[in-house]
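Here is the structure we will look at, set down as structure tokens.
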Amino acid sequence: MHKRHVIIGLSVILLFMIYFFKNASFMLRAVSSIAFLVFFYAVDHSFDIRFKARHYLFIIIITIASLLLSPLYFVYPQYDKVQHFFQPMLIAAIMYYMIAKLPIENKWKITFTFFVTLAILGLFEIGEYMLDFLFDLKLQGVYLRDLHGLEKFNLLVEPIDDTMIDLLLGTLGTSVYCWMRLKIHKKQYL
């Protein structure tokens, strides 16, 4: 019940922000954020996963950083790289929580968490490619907004290089989480 109230509360706040800002770009980001939070809650509720409050906090952080603050991608070129290192750690924590319930050894839970998180990262990059191909949203590549106009961008890193760097950073972030999880598990049984 508490989770439902948090999701509804955040959705109402975002709807008020849509009304007050009346900006099409912000509206799209806010509606996407609401849909993502509702989707996460629906998966939790439908499959009876029983995510903890910290998992909802992780999803809220991912939503705010990825969707609501997305204009930062064109102002601060390294913003995307920071996200691709830290967000896989949050995703891996959520995945590990789901996988931890399986009756298998911890080393296999960590291995499975690692590869599931990498699969999610790969699907995300495929999604970026498709959105760029269909709508030219400039999700792949690193662009910096040009001072001469709002719709002008300077390409800093080619799309394929950006995708590979993002996947490498995501792999590194996931590896750090799995290594920390392994260390925590070993300390518990010493």
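Checking each residue in segment 43-54 for being in a helix (DSSP H, G or I) and closer than 22 Å to M89 by Cα picks out V43, D44, A53, R54.
A quick yes/no check of all residues on (1) under 25 Å from L182 (Cβ atoms); (2) small (G, A, S); (3) surrounded by 14 or more Cβ atoms within 10 Å (Cβ to Cβ); (4) touching a His at 6+ places or on another chain (Cβ under 7 Å):
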position	(1), (2), (3), (4)
A30	no, yes, yes, no
F40	no, no, yes, no
H55	yes, no, yes, no
Y76	no, no, no, no
Y97	yes, no, yes, yes
L137	no, no, no, no
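Going through (1) under 30 Å from K187 (Cβ atoms); (2) outside any helix (DSSP H, G or I) one by one, P77 falls short only on (1). What are the residues in segment 158-182 that are touching a residue at least 40 places away in the same chain (Cβ under 8 Å) and of a type in the set (A, V, I, L, M, F, W, C), if any? Hits for segment 158-182 are I165, L167, L169, L172, V176, C178, L182.
Considering the conditions (1) surrounded by fewer than 18 Cβ atoms within 10 Å (Cβ to Cβ); (2) over 17 Å from the mean Cα position of the chain (by Cα), Y129 is excluded by exactly one of them, (2). Can you confirm whether segment 105-113 contains a residue that is part of a helix (DSSP H, G or I), assigned by TED's automatic domain parsing to the domain that holds I184, modelled with pLDDT of 95 or more and within 24 Å of V75 (Cα to Cα)? No, segment 105-113 contains no residue that is part of a helix (DSSP H, G or I), assigned by TED's automatic domain parsing to the domain that holds I184, modelled with pLDDT of 95 or more and within 24 Å of V75 (Cα to Cα).
Do we find that Y96 is closer than 21 Å to F58 by Cβ and either touching an Asp or Glu at 6+ places or on another chain (Cβ under 6 Å) or outside the structural domain of R181 (by TED's automatic domain parsing) (or both) in this structure?
no
The values are calculated or read from the model by the stated rules, or taken from the named source; none is laboratory data. In this text the structure is predicted, and so the values were computed from the model without any measurement. Please note: Cβ atoms are built from the backbone with ideal geometry, for glycine as well, and neighbour counts cover all protein chains shown.
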